[in-house]
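Only one structure is covered here, and it is reproduced in the block below.
The values are calculated or read from the model by the stated rules, or taken from the named source; none is laboratory data. All values derive from a computational prediction rather than experimental measurement. Using ideal geometry, Cβ is built from the backbone for each residue, glycine included, and neighbour counts are taken over all protein chains shown. With ligands, DNA and RNA removed, areas are computed over all heavy atoms of the protein, side chains included. Shrake-Rupley method; radii C 1.70, N 1.55, O 1.52, S 1.80 Å.
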Amino acid sequence: MKGQRLGWAPYALLLPSLAFLAVFFAAPMVQAFGLAFQNDAGNWSLESWRTMFADAQFREALVTTLVLIVILIPVQFVLAMAMALVINARLKWSGFWLYIYAIPLGISELAAGIIWFVIFTQQGWLNSILQGLGILDRPYIFLNYQNPAWLIFAVVLAEAWRATSIIMIILVAGLQGIPRDFFEAADVFGATSWQKVRRVILPMLRPSVQVALILRTILAFQAFAVVIALAGGGLTVLSSEAYRWYSDYRNSHVAAAYAGFILMLSVVSTVLFLWLLPVREEQQG
Amino acid sequence: MAEIRLQGITKIFDKKVRAVDEVDLTIADQEFMVLLGPSGCGKTTLMRMIAGLEYPEYGRVSIGNRDVTDLPPRRRDISMVFQSYAVFPHLTVFDNVAFGLRMKNVTKAEIKRRVEGAAELVQLGPYLERYPAQLSGGQRQRVAVARAIVMEPAVLLMDEPLSNLDALLRLNFRAELKRLVGELKTTTIYVTHDQVEAMSLGDRIAVMREGRIVQCGTPMEIYDRPATQFVGSFIGSPPMNFLRGRIERSNGHVQVGLGDQTLTAPSTLAGRSAGEVLVGIRAENIEAEAAPAAGAIAARTEVVEPLGSHLLVTAAVGDQRLKIQARTDFPAQPDAPLWLRPEPDKLRWFDPESGQELDAR
């Protein structure tokens, strides 16, 4: 047996990453759940969960988070798919476009939020341009807490700009794993471009689609810096509530309950995607 | 009903490599044409241009009197069997075969009837509900064939469809494919680098080299009268023997000298100024004798390979080697002398510089 000959070597090689995961992920997670299920006195209790659910901001944060996800994921997926198909068509300059598309990947979440804040703010570029063109005679306040639709739109725009390329790169990798013969067979057997995408590319790309959707949804549940940068307190999401309870109210128990709730939502959405987009072994080449 | 006409087809890759170089070829309705050649000769590129998967820089492609040069594949009324089969892994056998019909909005009942008919022809009836991953390589190949023939196309294109099968399956499939295509009577183009496949399947074979068609004819024409040294050595196993000789004249007769021996040459060679000539002869057209005989060429046995049905003898005439097919009872011994009597009407004459056959008739 190969495994026996290798002896302890594979385990030794796994050890550093296992140790890293244990110290920096598993342990804090267990601690966080411990915090969430304890009260200030250190006794086991559901008090912080009750506080969280009863909190006036909880409902708003949950709805905003879900609205963001419901708008963001389809928009980003369609955009990323179109970008991936452009790259995969290997037209002239497709390498150039790949780099252009990937630029936002190198920018931190907060910086991305600030870039869009600079565009949308009262003295921002958008207002300057609209005034310069004579469309507005005085600045319009887009990022106004009384106008949540604009806030959500700005956050969606910034998040789509920032994180669409992550999905695109996963899809490009998946597309490049599909032999070109399949696309050519679709051409020969009469598929139009749209039929090719729907009947051949999407089904064959299913494992990548699944990974991309799960990853992006989990990241969207954690959306934080962009929301803070663009909307400040005008828009609240689950992770900004966790932050508020931790830093403003100094209540790490309720903050941990929020974090645990986000984790559970992520697990539920992952299971949902696995169930909606099953990757069956006999259907893979 | 479709005749295919290729005129001056040229494909240039990277602005300099002429993968296909001014090919003219007409394929008759219902003909089975094989494009044969070594890898890189342009045969697959030529087929892909007929399919519309590649566009020629110059030249026109027409199918059944319709110029299709600028049309995408789906408007050409063709179907294709890919070398890798390209059977969709996410679809069942039924859905794979039905794929093209669904794209054409054929009615459900009609799809069912035609898919089942095609599956029957290639003996896939019991496997219609399976996924490709649950099939053997040979079965997947049949799915690819069924998917192509179910379209009842004007032209059927096959790109090395047997090359991924093991030797025994390939032999069986070859005969099956021949029967199938014979029944369908579809104009067919078949790309292969396997000369045996080409001989066995083709009504005609177009032998390609470096982007050009070197010779196009029936399998027997190509085997018997190769137009160039390349064709003679590419077709046949073992390849045709080539011996270098000198044209000599004595008493008004033309002879070709091989070392200190001579071969009688056809009088048409007399027109050639004295010089070297290449003699081509196939292994089975040489009679081997164990004793000296009049008119036979003396040679020395080097290697004897018993192949069951015959012996393959490698012999040396002077410093030139050739292969001879001998009966199994021929007393061949390494290093023993033997005498060779080539059939005079099977001798072929080539220009040693250009490799072109000399018109010796």
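Worth a mention:
- Identity of the residue in the range B:65-74, more than 9 Å from every other protein chain (Cβ to nearest Cβ) and modelled with pLDDT of 90 or more, that ends up surrounded by the most Cβ atoms within 10 Å (Cβ to Cβ): B:VAL68
- Selection count, the range B:293-315, where residues are touching a residue at least 40 places away in the same chain (Cβ under 8 Å) and either touching a Phe, Trp or Tyr at 6+ places or on another chain (Cβ under 8 Å) or not in a strand (DSSP E or B) (or both): 6
- Verdict on B:ALA198 being touching a helix residue (DSSP H, G or I) at 6+ places or on another chain (Cβ under 9 Å), assigned by TED's automatic domain parsing to the domain that holds B:GLU120 and under 22 Å from B:LEU46 (Cα atoms): yes
- Residue satisfying all of: in the range A:33-59; farther than 20 Å from A:LEU263 by Cβ and in a helix (DSSP H, G or I); modelled with the highest pLDDT among these: A:ALA54
- Against the numbered list (1) open to solvent by less than 50 Å² (accessible area, probe 1.4 Å); (2) under 26 Å from A:SER269 (Cα atoms); (3) within 25 Å of the chain's Cα centre (by Cα), A:VAL78 comes up short only at (1).
- Qualifying residue in the range B:265-276 (condition: in a strand (DSSP E or B) and crowded, with 19+ Cβ neighbours inside 10 Å): no
- In the range B:277-292, the residues that are touching a residue at least 12 places away in the same chain (Cβ under 8 Å) form Cβ pairs under 8 Å with partners that are polar (S, T, N, Q) and open to solvent by less than 50 Å² (accessible area, probe 1.4 Å), at six or more places apart or across chains, as follows: B:GLY280/B:ASN241; B:ILE281/B:ASN241; B:ARG282/B:ASN241; B:ALA283/B:ASN241; B:ILE286/B:ASN241.
- One residue alone among A:ILE178, A:ILE201, A:ILE169 is open to solvent by 50 Å² or more (accessible area, probe 1.4 Å) and of a type outside the set (Phe, Trp, Tyr), and that residue is A:ILE169.
- One residue alone among A:SER239, A:SER208 is within 14 Å of chain B (Cβ to nearest Cβ) and modelled with pLDDT of 90 or more, and that residue is A:SER208.
- Single unsatisfied condition, B:VAL214 versus (1) open to solvent by 40 Å² or more (accessible area, probe 1.4 Å); (2) out of contact with any Ser or Thr (no Cβ under 7 Å at 6 or more places or on another chain): (2)
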